[in-house]
Amino acid sequence: MHERHFAFLDESSKKEIRRAVLKAVAIPGYQVPFASRELPIARGWGTGGLQITLSLVGKDDIIKVIDQGSDESVNAVSLRNLIQETTDVASTIHTTEATLIQTRHRVPEQPLKEGQILILQVPLPEPLRNVEPSEYKTKKLHAEADYSGAWLKLFEDIMCYGQAATGADHPVFVNDRYVMAPTPIPRFDNPKLDHNPALMLFGAGREKKIYAVPPYTKVVSLAFDDYPFQRERFVGKKCRLTGLENVYLDELIDEATGEVYYQTNDSSYLLEFLNRDEGAGTV
Amino acid sequence: MSEQQKPILILKDFNKTFGKGCAHCDGKPENRRQGYCPKCRTVYACQDISLSLYQGEIVGIVGESGSGKSTLMQALYFDSEATSGEYFLEAYHSGEENLFLSSSQQQKWVRNMLLGMVYQNPMMGLKMNFSAQSNIAEKMIAAGNRQVHSMVERGDTLLEQVHIPLIRRKDSPSHFSGGMQQRVQIAKALANEPPILLLDEVTTGLDLSVQADVLELIQKIQRERKNSILLVSHDLSVVRMLADRTIVMLNGRIIEEGLTDQVLEDPQHPYTQQLVYSLL
Amino acid sequence: MGYVAVQGGAEAIRESILLARYENCLDGTSISLTEIKANLKKMVDSVMSESSLYSPDLAALALKQAQGDPFEAIFLLRAHRSTLPRLYFTTVTDTAEMRVERRISASFKDILGGQILGASPDYQHRLLNWDLINETEADVIAFRDQYYAAILNAMEKTAEASFEEEGRFPKVVDSLRAQNLIPQPVLCDEEPRDITMEPLVFPSARSLRLQILTRGMTGAVTALGYAKIRGYGFNNHPTIGELRVGYLPLYVTSELSGVCEEYYIGEIEVTEVEAFMEEDRQEADEKNQLGIGLGYGLCFGANEIKAIAMSVLEHSMENPTPGDPTSDEEFVLLHVDTVEATGFVSHLKLPHYVTFQSKLDRIRDVQRGNNHHA
């Protein structure tokens, strides 16, 4: 009775969003304003990423949706269901198979390839917001490439704590021009943005901004020369299931023993690793 | 001393108005009353100000509050836009580009590299919730420095020079006394060793003994570094102590200028006479 | 066979939805959309206003689905709105054409056409009406018919001449304009912008500000409007020039018949407020001129408090005072939208363990570092 339109949004909305995406690709790191639409999921729950996904998805696409590294967390499932219910496109958990990957707060461990599009959900697109509350003024600072505020924040951290104090969402410098919020990916993932073969798109639904890092673009994490950028360190820790060390780990507590243990956060990477070992008959 | 020396700062016919102007006052200074148009309420804060500053010279600007001296300083530091006029710095494109017409990006560069400003109100010049070190580093960061250690070292040196104990370098100015805040501002202004310092009522509101400290500090810094200083004050004794030349402003205009001794000993304009006699 | 993903998420969602449905069905009753529209009209009105979609039927459906949670209902309607193509725009509507149901002025005792109190709880004592506990449909029908008969009877006796056309009234603001107390509006032919079709950039256009306020959260608009008149915006007290509630006819133009013609598409109920604000006006002589400025509020349905607060905020942003948050358009416009505010606040419920892990890493690192230096 009430048939839904392909990919939910009406075509003129999708076209407008695609135009914003094109502009974003043309000016790497620049936040393109757009008239964000309301979606059946709440603002702040991935509507920016979802609008990009819905306006780009075609019938032959294969989608992958992850939230905090997991394909099966409730929000990832909910977003994937919405995309599939309105498009009937195929989905996968395997990073290599996907054409469109929508993600919240992680870049997959499996390196991306040319032709893939990674769509990151953005809660707060403005990297200068914590030094300047006014949107009008931050827009001007970007125009003048005046990033002293962002650097000063880092400097003050070092004065107070002896190191930068950013957790996730550590600001990056894109294509030697714009300072950009990489979204709250852990610092562990920041280096993956640099010269990545895939197209990376960033959508902020509530704040109504779209920005992009085109393939093979220079992306550098902000850091002083003598206080180099630091990823999260899992020194002496490894994944309990796979023994992997060079991956982002979740910190978990063994219910039986009360001991802290670690496990690979990227759930599909973990599965693939376990299955590969099994397939080779090594375990 | 060569008399042929070129000024390092030249300001020509600078005007700053607040308001749109009208047929009554536009281009007709005779219809303005004390820099103000009674018809359209436009304020002519600075009218046809021309001045120059030479290498190593201290020029004092005196006048009562509302005479336009702070407005002048704000325009020179690009805090507010000039209505008209020309502004040249010898250190920028050999003084051939009118800075009032430069892009805001270039103006920011000049502000960071060639000028140092100390405001009467430290809230204007400092980030009150950032450490003293960070406040000084801000200027160096803006100049492109990306070495924490070198900035901290430089910050320490400057803090020592302005007599702030190093144990307080990580405290924020909000925890400092008024005199200390002014000294942090001075350290910040010196961060990039700019050739020119702009000092706007730096001792106003401070205790007399603290005033003397700060003035002495400025004198010492200037002797060591040979900066050129443009110094604004409503207090003639400050100007007498520091300035080589003095400019007197009233209602947005320069009414008298000359060597400080000369202006103080033989004031020509009735207003200057009144100022000088009230000092005695 | 190999390892497979735990399908816990999908299953949990399914079960959660079923459980919510079950809890809603526990007492074995269901409310009809007609009942919602009839008994909860004010709620329907505010939901239509905040979702900026005028449809009592859909609003009632959304409220039913949302179990009466207005935030959730507004969210449903806004999402539905995103699926609808924009086919027509209504032509300019003159609110003097309103079919007025209620109309009051706080500025003048007598206004041309008279004050019409209409239906309002304003002068009703807010005492719980215990009779409603056992009210039946028969009671409702009996009261309705009896009241209607009494009105007919009274009308026959007085046979009062109605004002020009039925329900049309001159506007209070026009009489002040005629006396030069309020300047004639400057005619502006600029096409209004559409906040749902283009991004909000600052400084913003007035049309965008009005749209954001009219679809703003009733509570948020009221609270900020209150802050302004309470004195946080250091302002004086506005006076309501005219508040009217009534029905506005709407037209669209179309060339369906070959020529461009206007078509009547129906009427919508709205609340309109024109508030008088004392203004210091500087004229081309030496005197300060006191004048009256206008604040404008208009929203879907009967929603008087929101329309009044809107008029206060609209005027405040038109005439900003430095340091006054209620006149800072970024502060007001970026925070009053229901879907944005509730969405971002509720997103805190989403898992954040990757980001929290990152934060923990920093905290441990800093603690370690500080210990070394100590």
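Here, each number is a calculation from the coordinates, and none is a lab measurement. Source: prediction; values computed, not measured. Ideal geometry is used to build each Cβ from the backbone, glycine not excepted, and the neighbour counts take in all protein chains shown.
Per-structure values
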| read-out | value |
| --- | --- |
| Normalised contact order of segment C:9-81, rounded percent, pairs of Cα under 8 Å and 6 or more residues apart | 25 percent |
| Other-chain or far-sequence residues with amide H under 5 Å of A:Q263's (modelled H) | A:R240, A:D250, A:L252 |
| Shielding of A:71-77 by partner chains, average beta-carbon count, 10 Å | 6 |
| Distance violations [Cα-Cα > 29 Å] among A:K218/B:K108; A:K140/B:K16; A:K153/B:K220; A:K64/C:K349; B:K20/B:K69; A:K14/A:K153 | A:K153/B:K220; A:K14/A:K153 |
| Net charge dipole size for the protein assembly as shown [Lys, Arg +1 and Asp, Glu -1 on Cβ; Debye, nearest 20] | 1680 debye |
| Degrees, to the nearest 10: C:8-25 long Cα axis against longest axis of chain C | 40 degrees |
| Inter-chain Cβ neighbour average for residues A:147-157, partner chain, 10 Å | 6 |
| Whole-Hz ³J(HN,Hα) from phi, Karplus 6.51 cos²θ - 1.76 cosθ + 1.60, for segment C:97-103, glycine and proline x | 7, 4, 7, 7, 9, 8, 7 |
| Estimated FRET transfer efficiency (C:A149, C:S32; beta-carbon r; R0 22 Å; 0.05) | 0.20 |
| Segment A:233-283: relative contact order in percent, alpha carbon pairs under 8 Å with at least 6 residues between | 30 percent |
| Two-decimal Rg/Rh across segment A:11-221, once Rg and the Kirkwood Rh are taken from alpha-carbon atoms | 0.96 |
| Exposed-loop-free span, longest in chain B, where GluC sites (Glu not before Pro) count as exposed if DSSP calls them loop and at most 13 other C-beta atoms lie within 10 Å | B:97-280 |
| Per DSSP, loop GluC sites (Glu not before Pro) in segment C:104-164 with at most 12 further Cβ within 10 Å | C:E135, C:E160, C:E164 |
| Of B:G19, B:G27, B:G63, the one that fluctuates the most in a GNM where chain B has Cα springs shorter than 10 Å | B:G27 |
| For chain A: relative contact order, % (alpha-carbon pairs under 8 angstrom, 6 or more apart) | 21 percent |
| Rounded Å value of the spacing that divides the Cα centres of segment A:31-89 and segment C:93-143 | 46 Å |
| GNM flexibility winner over chain C from C:R21, C:R209, C:R193 (Cα, springs under 10 Å) | C:R21 |
| Chain A: most fluctuating residue of A:F173, A:F202, A:F273 per GNM, C-alpha cutoff 10 Å | A:F273 |
| Farthest toward positive dipole pole in the protein assembly as shown [+1 Lys/Arg, -1 Asp/Glu at C-beta], among C:Q357, C:F71, B:T42 | C:Q357 |
| Other-chain or far-sequence residues with amide H under 5 Å of B:G258's (modelled H) | B:T246 |
| q = 0.07 Å⁻¹, the protein assembly as shown: log10 I(q)/I(0) [Debye, one scatterer per Cα] | -0.80 |
| Taking A:S221, B:S67, C:S49 and counting other C-beta atoms within 10 Å, the order from fewest to most | A:S221, B:S67, C:S49 |
| Fewest-first ranking of A:D61, C:D189, C:D145, using other Cβ atoms within 10 Å as the exposure measure | C:D189, C:D145, A:D61 |
| Disulfide-incompatible cysteines by the Cβ rule (no partner under 4.7 Å) in the protein assembly as shown | A:C160, A:C239, B:C46, C:C25, C:C188, C:C260, C:C299 |
| Cβ-based exposure ranking for C:D122, B:D79, in which fewest neighbours within 10 Å come first | C:D122, B:D79 |
| Protection proxy ranking of A:42-50, B:228-236 - average other beta-carbon atoms within 10 Å, highest first | A:42-50, B:228-236 |
| Theoretical FRET efficiency, 1/(1+(r/R0)^6), r = Cβ-Cβ of C:I363 and A:L241, R0 25 Å, to 0.05 | 0.40 |
| Contour excess over end-to-end distance, with Cα ends at B:H93 and B:S237 and 0.36 nm allotted per residue | 48.2 nm |
| Geometric extent, Cα atoms of chain C - Rg, Dmax (angstrom) | 26.1, 96 |
| Burial ranking of peptide ranges C:69-77, C:103-111, C:329-337 (average Cβ count within 10 Å, highest at the top) | C:69-77, C:329-337, C:103-111 |
| Cβ-placed point charges (K, R +1; D, E -1), dipole of segment A:185-283 about Cα centre in debye, nearest 20 | 520 debye |
| Pairwise centroid distance, computed over Cα atoms, of segment A:203-266 with segment C:344-364, Å | 12 Å |
| 5 angstrom amide H check on B:M249, placed H, neighbours 5+ away | B:V62, B:G63, B:I255 |
| Size of electric dipole in segment C:9-81: Cβ of Lys, Arg +1 and of Asp, Glu -1, about Cα centre, debye, nearest 20 | 280 debye |
| Karplus-derived 3J(HN,Hα), 6.51/-1.76/1.60, for each residue of segment C:216-228, Hz, glycine and proline x | x, 5, 3, x, 5, 4, 5, 4, 6, x, 5, 4, 5 |
| Percent antiparallel among DSSP beta bridges (both partners in chain B, rounded to 5) | 50 percent |
